[in-house]
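The values are calculated or read from the model by the stated rules, or taken from the named source; none is laboratory data. Keep in mind that this is a model prediction, so the values were computed, not measured. Cβ sites come from the backbone with ideal geometry, for glycine too, and all protein chains shown count toward neighbours. SASA here: full protein model, heavy atoms, side chains in, ligands and nucleic acids out. Shrake-Rupley method; radii C 1.70, N 1.55, O 1.52, S 1.80 Å.
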Amino acid sequence: MNRQRMDLLHDIFHRLYETFGPQHWWPADSPFEVVIGAILTQNTAWKNVRQAIGKLRERDLLQLDHLDAVPQEELATLIRASGYYNQKARKLKAFCSHVKHFWQSDLAAFLAQEAESLREELLGIFGIGQETADSIVLYAAHKPCFVVDAYTHRIFSRHGWVPEEITYQEMRSYFEEALERDVALFKEYHALLVRTGHLYCRKKPLCDSCPLGDYPVPNI
DNA sequence: CTCCAGAAAA
DNA sequence: TTTTCAGGAG
């Protein structure tokens, strides 16, 4: 395998880990709560998602059969703080409905299947795209699937480590082929990249104080 | 490419 | 006030 890439990825990880420490992802009390969070946080700040999940917890809706029984309109008002609430209410209902019909609401059994088939089945559910599917595979099913998000692409393309027009699949392979298949490593790596993107690799980048700021960034 | 949408930082 | 956000569907 590409030794250069392996060294680069490990060096970046250690720098970020030394800087930020463990991120304790995913912040949730159960696999189902991970799924809910993964859908609610789509293009939305996590602070808003926490408020929405708090509302669901108040009503004891952080269980699949409970959430499945709530009308979509009522669910939408409860998750209002997370934005796109009508879309996301429909997405949550679609997930519950799928597991209910195909797995008799046995979420643990659904998540226990082999990683690739789980990923493909997730992608067939309304509202679950590649990043959300991979987040669920990694943080709810605890299988080694590297999660790529907008920050990951932004950080790596800005440094010239990957081409700007790289696809999601190519980005995922870029990491999975160079890193050991370690679930804990994948969980921590993605969390650290999100932290870095959130704090420094913004649309208006703050390279001066960024822990990766001394890596060369080619002029565009 | 456009729509979905509220919250909090900038 | 404007920008940005742990994206995905049509």
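A few remarks follow.
- Filtering region A:127-157 to residues that are among the hydrophobic types (A, V, I, L, M, F, W, C) and either within 16 Å of DNA strand B (Cβ to nearest atom) or at positive phi (or both) leaves A:I128, A:A150.
- Within region A:175-210, if we keep just the residues that are in a loop (DSSP other than H, G, I, E, B) and hydroxyl-bearing (S, T, Y), the residue that is nearest to the chain's Cα centre (by Cα) turns out to be A:Y200.
- Failed item in (1) open to solvent by 20 Å² or more (accessible area, probe 1.4 Å); (2) over 27 Å from A:C207 (Cβ atoms); (3) not assigned by TED's automatic domain parsing to the domain that holds A:R15, with A:E131 passing the rest: (2)
- Of the residues screened, A:T19 is not one that is of a type in the set (V, I, T), open to solvent by 80 Å² or more (accessible area, probe 1.4 Å) and away from DNA strand C (no atom under 12 Å from the Cβ).
- Taken as a whole, the structure places A:L92 among residues that are out of contact with any Ser or Thr (no Cβ under 7 Å at 6 or more places or on another chain) and within 15 Å of DNA strand B (Cβ to nearest atom).
- A:S30 meets the conditions (1) within 12 Å of DNA strand B (Cβ to nearest atom); (2) open to solvent by 30 Å² or more (accessible area, probe 1.4 Å); (3) within 18 Å of the chain's Cα centre (by Cα) in every case but one. The failed one is (1).
- Qualifying residue in region A:48-70 (condition: open to solvent by less than 40 Å² (accessible area, probe 1.4 Å), out of contact with any His (no Cβ under 7 Å at 6 or more places or on another chain), more than 23 Å from A:H98 (Cα to Cα) and within 14 Å of DNA strand B (Cβ to nearest atom)): yes
- Unique match (being touching a Gly at 6+ places or on another chain (Cβ under 9 Å), open to solvent by 40 Å² or more (accessible area, probe 1.4 Å) and basic (K, R)) among A:R154, A:R181, A:R195, A:R202: A:R154
- Screening A:C96 against (1) open to solvent by less than 20 Å² (accessible area, probe 1.4 Å); (2) hydrophobic (A, V, I, L, M, F, W, C); (3) over 30 Å from A:D65 (Cβ atoms) leaves a single unmet condition, (3).
- Failed condition for A:F20, given (1) in the same structural domain as A:H190 (by TED's automatic domain parsing); (2) out of contact with any Lys or Arg (no Cβ under 6 Å at 6 or more places or on another chain): (2)
- Residue in region A:105-122 that is under 16 Å from A:L40 (Cα atoms) and surrounded by 17 or more Cβ atoms within 10 Å (Cβ to Cβ) present: yes
- Within region A:70-163, helices (runs of 4 or more DSSP H) holding 2 or more residues that are in contact with a helix residue (DSSP H, G or I) (Cβ under 6 Å, 6 or more places away or on another chain) and within 16 Å of DNA strand C (Cβ to nearest atom): A:72-78, A:85-103, A:115-123, A:130-139, A:150-158
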